[in-house]
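Taking it in order: structure first as C-alpha cells, then the write-up.
The values are calculated or read from the model by the stated rules, or taken from the named source; none is laboratory data. None of the values given here were measured: they were computed from a predicted structure. Here the Cβ is made from the backbone with ideal geometry for all residues, glycine too, and neighbour counts use every protein chain on show.
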Amino acid sequence: MTVKIRFRLQIAAVFAVIFSTSTILYAQDAILNKYGLWVIKDTKTLNAVIRPDSNKQMLDIKKLIPTIILDLRYATTNNFMHKKLYPSITTTYLRLPAAKALQHVQSELHELGLGLKIFDAYRPYSVTEKMWKPIRDERYVADPKKGSGHNRGIAVDLTLINLNSKEELPMGTGFDNFSDTAHQTFTGLPVQIVHNRNLLKNIMEKYGFKFFETEWWHYSLPDAKDFEILDIPFKKLKKITQSQHP
C-alpha cells in the first residue's frame, strides 16, 4: 500500500469517528421529554443547531442594546411566585431575529424620548414547569406540554419608560397582573393609559412582534416552532455569547 493511499484511509477513519461521536451526542440530547418535546439542555447541541442557521443564535441583550433598562423580576422575589426563579443575573437573552428587532424598537423610541424596560426574555424550560404548577391557566402561564416563546428565546415581557426620568409610563396594571385589566382589549382605562399601551403595541408590531391577548407586556415573534425549546442555564449561555459578534 502506498503512503498516499494509507494517508487517505487514515483521514477517512478520523472523519468516521468524528461523525459517529457527534451523532451519538446529538441523539442522546434528542430524547423527548414526558410531553413528547425535544428540549435542548446543553450548549453543544445548541451550537449544532446554530451552525446551519445563524438566526438561532442567542444574543446578550445588554451587550447588543446597552441603553436598555433591565428589571429581571424572576431573578428577584418581586414576582407572582414570590421567590427567585433565576440566579442573580445582569443581562438576558433572545434569539438573533428577536434581539435585532428589539434593537430597532429601542432606536425608534429614543427619537420620542422613550425607551424599553425588560422584565423577562429567555426563560429556561424548567422554570416554566415550576410556574405552571400553582397557576395552570394558559392565559397567564405557558403550559409545559407546549413550551413557550420565552423558552424558545423569541418572547419578551417589557414596558415603556421615560428616557430622562427612567420612570415607567402608566399602563393600568403592573407586570404579571392576572386580571382582565391587563388584557390588550380591556377598554375601561384612562385615555393616557390606552395611548401608552397602543404606542407599545404599534411599535412592537412594526418590527414583527405579535401581542399576547391577556398580557399587555408580552410580545413574541411568530413561527415559534421554528425555534427549539431550551433549558440551558444562564451561566452557560453567558459563556457562548461572550465571543459572538452580531
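Worth pointing out:
- Within the range 120-158, the set of residues being of a type in the set (F, W, Y) and touching a residue at least 40 places away in the same chain (Cβ under 8 Å) comprises Y122, Y125, Y140.
- Filter result for M58 (touching a Phe, Trp or Tyr at 6+ places or on another chain (Cβ under 6 Å) and buried (at least 20 other Cβ atoms within 10 Å of the Cβ)): yes
- Out of N202, N196, N177, sole residue that is over 26 Å from V141 (Cβ atoms) and either in a loop (DSSP other than H, G, I, E, B) or at pLDDT 95 or above (or both): N202
- Residues that are within 25 Å of D137 (Cβ to Cβ) and not in a strand (DSSP E or B), drawn from the range 154-174: I154, M171, G172, T173, G174
- When we screen K63, K83, K117 for residues that are surrounded by fewer than 19 Cβ atoms within 10 Å (Cβ to Cβ), on the phi < 0 side of the Ramachandran plot and either touching a helix residue (DSSP H, G or I) at 6+ places or on another chain (Cβ under 7 Å) or outside any loop (DSSP other than H, G, I, E, B) (or both), the only hit is K63.
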